[in-house]
1. Roll a 1.4 angstrom probe over the protein heavy atoms and tell me the percent of accessible area of the chain that is carbon or sulfur.
2. Starting from 0 in steps of 10 Å, tell me what percent of the Cα-Cα pairs of the stretch 1-93 lands in each bin.
3. Find the relative contact order for the chain and round it to a whole percent, using C-alpha pairs within less than 8 Å whose residues are 6+ positions apart.
4. Determine how large the accessible area of residue 41 is when every protein chain is in place; take a 1.4 Å probe and give Å² rounded to the nearest 10.
5. Ordering 92, 80 from largest to smallest accessible area (1.4 angstrom probe), what's the sequence?
6. Pop a pseudo-label 7 angstrom from the Cα along the beta-carbon direction at both residue 28 and residue 71 and give the gap in nm to one decimal.
7. Over the chain, average the accessible area per residue using a 1.4 Å probe and give it in Å², no decimals.
8. So how tilted is helix 20-29 from the main axis of the chain? Cα-based, degrees 0 to 90, rounded to 10.
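The values are calculated or read from the model by the stated rules, or taken from the named source; none is laboratory data. Everything numeric in this text was worked out from a predicted model, so none of it was measured. Every residue, glycine as well, gets a Cβ built from its backbone with ideal geometry; the counts of neighbours run over all protein chains shown. Note: areas computed on protein heavy atoms with side chains; ligands, DNA, RNA excluded. Shrake-Rupley method; radii C 1.70, N 1.55, O 1.52, S 1.80 Å.
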Amino acid sequence: MLLVLSGQCSVHTLVGYIAGPAFDRLTALAPTAPFRPCGTDRTTPAVLEARGTKPRPGVIEAFARIATGSRQRAMAFRLERRNNRWICTAVELDTDR
């Protein structure tokens, strides 16, 4: 997801790993590349921290703190185990209101 949200990969690279409203949300966010560093900085965004909880078996709700140049951003997401694979079913960014 990080590469998609930084404009380095197409959202279609995640087909099969992201479903429903999460795919729609990612498709809407991708053209804006919210994790692309600003100005002349072309460093790749980096995950500084990631944590999660298991509210029930087969579900992980997690967040990541991401460095984009000199700025830090936040992303929350939900993963669900379906047919023996983890699928992202929700995505939110610190810019969501």
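1. Values: 3250 of 6030 Å².
That share works out to 54 percent.
2. The distribution over the stretch 1-93 is 17, 47, 30, 6, 0, given as percents.
3. On the way: 170 pairs, mean separation 23.4, N = 97.
After rounding, I find 24 percent.
4. 50 Å²
5. On the way: 92 115, 80 35 Å².
Ranking 92, 80 by accessible area, largest first, yields 92, 80.
6. 2.0 nm
7. On the way: 6030 Å² over 97 residues.
I get 62 Å² per residue for this part.
8. Helix 20-29 and the main axis of the chain meet at about 0 degrees.
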